[in-house]
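*Asks:* Below are the structure tokens for one structure; questions will follow.
The values are calculated or read from the model by the stated rules, or taken from the named source; none is laboratory data. None of these values were measured; they are calculated from a predicted model. Please note: Cβ atoms are built from the backbone with ideal geometry, for glycine as well, and neighbour counts cover all protein chains shown.
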Amino acid sequence: MEKNNRLDLLWLLAPLTGLVIMGLLAVYSATNGSAEPLALFYRQLSWAMVGLLVVIVFYYMDYRIVRDNAYFMYAAGIILLLAVLVFGKKVAGATSWVRIGMFSFQPSELTKMITIVAMARFLSDDQTDIGNITDLGKVLGMALAPAGLVLLQPDTGTTLTCLSFIIPMIVLAGFDLYIILLAIAPVALMLAGFFNLVVLSVIALVSMIMFILLRKQFMLHQLMVVGGGALSGLLTGKFTASILKPHQIKRIQIFLDPSSDPQGAGYNAFQARIAIASGGFTGKGFLHGTQTQLRYIPAQWTDFIFCVIAEEFGFLGSTLLLVLFLVLVLRLIWMVGAIKNRFVELMLAGYASLLITHLVINIGMTIGVMPVIGVPLPFISYGGSSLVANMMMVGLAMNFSKNRRNISY
């Protein structure tokens, strides 16, 4: 039994350790030769040590303490987000940070995790009926409140990640996926109008096929939803200039064609592709990346840190990074089915979906398949708030894994 517990723990501890070490190496390389390289690296190292203590605390504590205090923690998170809007420090155009001594703290990173815990608590309550419009409204409000406060900062990237776990959690709680698709299909079609008619047509076709497969028959309201969404997409495409701000339009244009402005708005994406391509199979070696060490990529220790790993460690290093993430996410998903506890299932599903969203958006914008919206790579990007918050969730997952035979409904 003891051997099995150690093996279970290893499935989470090994990828966590590997990711944190790769992150520290990448931050050191990305800041090497800058005005304060050691200061940034040692600050990240300090946060990693704090994160280690957090992992230990959450690993040994009674998980029911987290569950029982979920609403209190959620209220504290909302208060922190409100405080940011009043007392926050502006960084890169967003008032997302609170300064505490020599450290800056980003409450939105912690609040994302707390929101997952609070939603899991609410959805796992015996009195909650997710099919009831009142309960559905409560859980949606619980998720949208922090997302709205983050949007006011304004921080679009973090706002999107705050929304990423809503659908997986309410579907796991029993809400009908068909209804969700009916609601989001028109929105997806409207957004497709920002791109071109081909994208709009493909999404419309896929939506219609999914509707029919889920209900095993064609229904008139399916056609009305898809048709109305497609019409909205056409109007969106026609009136894009009046809907979006100039810098938002520019980001979409650069996403579609980074070479259209290689020295301006497309500079980051263009240089990122060069860095990744130049890494080759084995990379140029630690501290020997041309794009990295010559500072061709702005924010290379935060949003574009994947470029550092791809250039200096090549395809092998990038693959190792993705494998570590894959092991961690798959283990979380496996635990969702293995642990027969509603609160634990929902919390792990929410966190797994959040990790996947961060990974897809960050690497997607780095390799040029998604717009640049400023989302960090968990455990890797410079930033103590994100690192500690993610390590806290893995510590909780380790706690669940250790006690999975004793946790019951």
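*Asks:* Among (1) at pLDDT 75 or above; (2) assigned to a helix (DSSP H, G or I); (3) of a type in the set (S, T, N, Q), where does Gln217 come up short?
*Replies:* Here Gln217 meets the rest and fails (2).
*Asks:* OK, next. Being part of a helix (DSSP H, G or I) and in contact (Cβ under 8 Å) with a residue 40 or more places away in the chain is the filter; apply it to the stretch 130-148 and report the residue that is nearest to Pro376 (Cα to Cα). So that I can check it myself, show each step before the final result.
*Replies:* Of the residues in the stretch 130-148, the ones part of a helix (DSSP H, G or I) are 133-148.
Remaining after also requiring in contact (Cβ under 8 Å) with a residue 40 or more places away in the chain: 142, 145-146.
Details: Met142: 24, Ala145: 22, Pro146: 18 Å.
Among residues in the stretch 130-148 that are part of a helix (DSSP H, G or I) and in contact (Cβ under 8 Å) with a residue 40 or more places away in the chain, the one nearest to Pro376 (Cα to Cα) is Pro146.
*Asks:* Right, here's the next one. Considering the stretch 355-374 alone, what residues qualify as being part of a helix (DSSP H, G or I), of a type in the set (A, V, I, L, M, F, W, C) and under 19 Å from Asp155 (Cβ atoms)? Steps first, answer last, please.
*Replies:* In the first step, residues of the stretch 355-374 are kept if they are part of a helix (DSSP H, G or I); the result is 355-367.
Those left that are additionally of a type in the set (A, V, I, L, M, F, W, C): 355-356, 359-361, 363, 365, 367.
Residues satisfying the conditions are Leu355, Leu359, Val360, Ile361, Met365.
*Asks:* Among the strands (runs of 3 or more DSSP E) lying completely within the stretch 62-129, list those that include at least 2 residues that are touching a strand residue (DSSP E or B) at 6+ places or on another chain (Cβ under 7 Å), charged (D, E, K, R) and modelled with pLDDT of 85 or more. Don't jump to the end; show me each part of the working.
*Replies:* On the way: elements: 89-91, 94-100, 103-105.
It comes to none.
*Asks:* Any residue in the stretch 149-165 that is of a type outside the set (Ser, Thr, Tyr), assigned to a helix (DSSP H, G or I), more than 18 Å from the chain's Cα centre (by Cα) and within 21 Å of Met393 (Cβ to Cβ)? Step through it out loud before you land on a result.
*Replies:* Let us first name the residues in the stretch 149-165 that are of a type outside the set (Ser, Thr, Tyr), namely 149-155, 157, 160, 162-163, 165.
Add one more test, that the residue is assigned to a helix (DSSP H, G or I), and what stays is 149-151, 157, 160, 162-163.
This time we only want the ones that are more than 18 Å from the chain's Cα centre (by Cα), so: none.
No, the stretch 149-165 has no match at all.
*Asks:* Please pick out the residue among Thr302, Thr282, Thr357, Thr292 that is under 28 Å from Tyr63 (Cβ atoms) and β-branched (Val, Ile, Thr). Break it down stepwise before answering.
*Replies:* On the way: Thr302 fails: under 28 Å from Tyr63 (Cβ atoms); Thr282 fails: under 28 Å from Tyr63 (Cβ atoms); Thr292 fails: under 28 Å from Tyr63 (Cβ atoms).
Selected residue: Thr357, the only one of Thr302, Thr282, Thr357, Thr292 that is under 28 Å from Tyr63 (Cβ atoms) and β-branched (Val, Ile, Thr).
*Asks:* Here's another thing I want to ask about it. Touching a residue at least 12 places away in the same chain (Cβ under 8 Å), small (Gly, Ala, Ser), farther than 25 Å from Leu354 by Cα and surrounded by fewer than 20 Cβ atoms within 10 Å (Cβ to Cβ) - does that describe any residue in the stretch 284-300?
*Replies:* Residues of the stretch 284-300 that are touching a residue at least 12 places away in the same chain (Cβ under 8 Å), as a first pass: 284-293, 295-300.
Filter once more, keeping what is small (Gly, Ala, Ser): 285, 289, 299.
Imposing the further condition that a residue be farther than 25 Å from Leu354 by Cα reduces the set to 285, 289.
Still in the running and surrounded by fewer than 20 Cβ atoms within 10 Å (Cβ to Cβ): 285.
Within the stretch 284-300 (the criterion being touching a residue at least 12 places away in the same chain (Cβ under 8 Å), small (Gly, Ala, Ser), farther than 25 Å from Leu354 by Cα and surrounded by fewer than 20 Cβ atoms within 10 Å (Cβ to Cβ)), the answer is yes, since at least one residue qualifies.
*Asks:* Hey, another quick one. Among the residues of the stretch 155-189, what is the count of those that are surrounded by fewer than 17 Cβ atoms within 10 Å (Cβ to Cβ) and of a type in the set (Asp, Glu)?
*Replies:* Selection size over the stretch 155-189: 1.
*Asks:* Further, regarding this structure: Filter the stretch 190-199 for residues that are in contact with a helix residue (DSSP H, G or I) (Cβ under 9 Å, 6 or more places away or on another chain) and assigned to a helix (DSSP H, G or I); which is surrounded by the most Cβ atoms within 10 Å (Cβ to Cβ)? Explain how you work it out, then say what you get.
*Replies:* Pass one, the stretch 190-199, residues in contact with a helix residue (DSSP H, G or I) (Cβ under 9 Å, 6 or more places away or on another chain): 190-197, 199.
Those left that are additionally assigned to a helix (DSSP H, G or I): 190-192, 197, 199.
Numbers: Met190: 21, Leu191: 16, Ala192: 24, Leu197: 13, Val199: 17.
Looking at the filtered set, the residue picked out is Ala192.
*Asks:* Is it the case, given these coordinates, that Thr319 is outside any helix (DSSP H, G or I) and free of Cβ contacts under 8 Å to residues at least 60 places away in the same chain?
*Replies:* Working: outside any helix (DSSP H, G or I): no; free of Cβ contacts under 8 Å to residues at least 60 places away in the same chain: yes.
Judged against the criteria, Thr319 is not a match.
*Asks:* Would you mind stating whether Thr156 is within 25 Å of Asn390 (Cα to Cα), of a type outside the set (A, V, I, L, M), out of contact with any helix residue (DSSP H, G or I) (no Cβ under 7 Å at 6 or more places or on another chain) and touching a residue at least 40 places away in the same chain (Cβ under 8 Å)?
*Replies:* yes
*Asks:* Here's a follow-up. Search the stretch 354-379 for residues being within 21 Å of Leu328 (Cβ to Cβ) and free of Cβ contacts under 8 Å to residues at least 12 places away in the same chain, and hand back the single one that is surrounded by the most Cβ atoms within 10 Å (Cβ to Cβ).
*Replies:* Taking the candidates together, the pick is Gly364.
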